[in-house]
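One structure is given below, encoded as structure tokens.
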Amino acid sequence: VYSLPSKKLAVLQIRSPFIKNKYRPFCQTLLSWVKSSKCARVVLLSSSHAYQRDDEQLLGTPLRYLLTPDLEKAVGGLMQELKWKEMEKVAAYPGINDTEKVLHIPGGGITKLLFTESCSKGIQMAVLLKFCSEGDNIPDAFVLVNYLNEWLQLIKSEVSASNNSTDTSSQWKIPSSWRLLFGNGLPPALF
Amino acid sequence: MATFFGEVVVAPSRAGVDDEESAEEAREETPEDREIRMELEKKREIDVLWTLKSGASPESSADELRACSKFIIAIGRNAAAFLSSFILDSVCWEVVGVVKLWNEWCRTSNITNVLPTDSFCLFYRLISDPTVLLCQCSCYVAEDQQFQWLEKVFGGMRKESLQVTILSTCPVADYKTQESTLTLPSPFLRALKTKEFKEQVCCPLLEQPNIVRDLPAA
């Protein structure tokens, strides 16, 4: 758990997988803490398998958002201004009945459970997710955190003179845990 | 994680929850399921049996535990063997406790007369200074049991003025470094310490991005 009191921000980084059959109690415990500590808002950063996108999702931005009804009232308009794309619902029974739509976040772990529970518990929660693939997800992390920054403005983006973009990639600090993500150096004997 | 350049590793799901697992959980739990689950949970419970003084009252045993000032824990066969070879003997140390547990990888029992090849978790006390405790844990404590192990072992001890030292080993192949580990002179020591630990550490601190796992991490 990390915190930044100056911005009234707490960050929970889930670094390990869940013990079998314990992820539901974990979600319940987490959300009751959110309620009891009177947390104003929860932002869930997540992802979904890129290979499960449908034809339309293959085009355009790989970033999506979701808002619980309580947060929709507060910031729904802002999302429209930012031109963000809401996560599409998919047919519950594809091919058989295309009218019944459900929320499906493959590869999203506990995202859907936390979101649906927050909806019913009246928690203000936003989900920000990116479609991504297995592999080196460092670029995905930058894209996702810049997406978050468009809304929360945690870092003032310097508008670069050369290309008028608001890319804040260079201002984020790379964690030391990202070093040597793909193994050690090569043994000299290899050559 | 890959241990050498070119090794192909099947990575577990980083989403944290397999899609199959979530489908399984979505099904309602039948009374039979619940019974099986409770039985399994009971089987995985940990028992810590302190035998501090034969015939002593539970209160005095508890007092003795609270007085613990130095607690050395050796986790894993190598660390346990180190203590057996260099520290423990029947003259200066006496057995004061045992942990009884079961999981898919090992089972320990109540007996304190163990062979080096057994899986066991025993507590010893220095006869000349009864506030010094030692633990040899050569059995694997599963992820869902680690918190319980900590609660039951440390539960009776006073945190202030207690110094805990954990001894453990990791394969050199798991050590993350810029160079290759093939030519790294081993074995070598690394340490982690809490900010409350004020004494000198006898070796360099563990460099990022290396991590510690399992019971030592817990």
> Does the range B:179-195 contain any residue that is within 30 Å of residue A:20 (Cα to Cα), open to solvent by 60 Å² or more (accessible area, probe 1.4 Å), aliphatic (A, V, I, L, M) and touching a strand residue (DSSP E or B) at 6+ places or on another chain (Cβ under 6 Å)?
Replying inline: no
> Do any residues in the range A:80-102 that are over 22 Å from residue A:47 (Cα atoms) have Cβ atoms under 6 Å from those of residues that are not in a loop (DSSP other than H, G, I, E, B), where the two are at least six apart or on different chains, and which pairs are they?
Replying inline: A:98/A:91; A:100/A:92
>> Considering only residues that are modelled with pLDDT of 95 or more and among the charged types (D, E, K, R), which ones fall in the range A:54-69?
In response: A:64
> Looking at this structure, is residue B:61 surrounded by 12 or more Cβ atoms within 10 Å (Cβ to Cβ), under 26 Å from the mean Cα position of the chain (by Cα), modelled with pLDDT of 90 or more and more than 14 Å from chain A (Cβ to nearest Cβ)?
Replying inline: no
> Just wondering, is there one or more residues in the range A:143-158 that are at pLDDT 85 or above, open to solvent by less than 40 Å² (accessible area, probe 1.4 Å), part of a helix (DSSP H, G or I) and within 11 Å of chain B (Cβ to nearest Cβ)?
Replying inline: no
> Can you name the condition, by its number, that residue A:190 falls short on among (1) open to solvent by less than 50 Å² (accessible area, probe 1.4 Å); (2) at pLDDT below 90?
Replying inline: (1)
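Take the conditions at positive phi, open to solvent by 40 Å² or more (accessible area, probe 1.4 Å) and at pLDDT 90 or above and apply them to residue B:214. Does it pass? I'd like the intermediate steps shown before the answer.
Values: at positive phi: yes; open to solvent by 40 Å² or more (accessible area, probe 1.4 Å): yes; at pLDDT 90 or above: yes.
Judged against the criteria, residue B:214 is a match.
Given the criteria under 18 Å from residue B:123 (Cβ atoms), in contact with a Leu (Cβ under 9 Å, 6 or more places away or on another chain) and within 13 Å of chain A (Cβ to nearest Cβ), does residue B:145 qualify?
Numbers: under 18 Å from residue B:123 (Cβ atoms): yes; in contact with a Leu (Cβ under 9 Å, 6 or more places away or on another chain): yes; within 13 Å of chain A (Cβ to nearest Cβ): yes.
So residue B:145 passes the test.
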>> One residue is enough: does the range B:88-102 have a residue meeting the conditions open to solvent by 30 Å² or more (accessible area, probe 1.4 Å), within 15 Å of the chain's Cα centre (by Cα) and more than 17 Å from residue B:168 (Cα to Cα)?
In response: yes
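Just to be sure I understand, how many residues within the range A:22-45 are at the interface with chain B (Cβ under 9 Å from one of its Cβ atoms) and open to solvent by less than 70 Å² (accessible area, probe 1.4 Å)?
1
Do you know which of the residues in the range A:46-68 that are of a type in the set (S, T, N, Q) and under 11 Å from the mean Cα position of the chain (by Cα) is most open to solvent (accessible area, probe 1.4 Å)?
We begin by selecting, within the range A:46-68, every residue of a type in the set (S, T, N, Q); these are A:46-48, A:52, A:57, A:61, A:68.
From what is left, the residues that are under 11 Å from the mean Cα position of the chain (by Cα) are A:46-48.
Details: A:46: 15, A:47: 39, A:48: 4 Å².
Here the residue is A:47.
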> Does the range B:112-129 include one or more residues that are open to solvent by 40 Å² or more (accessible area, probe 1.4 Å), part of a strand (DSSP E or B) and under 17 Å from residue B:165 (Cβ atoms)?
Replying inline: no
>> Suppose we filter the range B:146-174 for residues that are in contact (Cβ under 8 Å) with a residue 24 or more places away in the chain, among the β-branched types (Val, Ile, Thr) and not in a loop (DSSP other than H, G, I, E, B); how many remain?
In response: 4
> Of (1) within 14 Å of chain A (Cβ to nearest Cβ); (2) within 26 Å of residue A:15 (Cβ to Cβ), residue B:204 satisfies all except one. Which?
Replying inline: (1)
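The values are calculated or read from the model by the stated rules, or taken from the named source; none is laboratory data. Note that this is a predicted model, so its numbers are computed, not measured. Using ideal geometry, Cβ is built from the backbone for each residue, glycine included, and neighbour counts are taken over all protein chains shown. Accessible surface areas use protein heavy atoms only, side chains included; no ligands, DNA or RNA. Shrake-Rupley method; radii C 1.70, N 1.55, O 1.52, S 1.80 Å.
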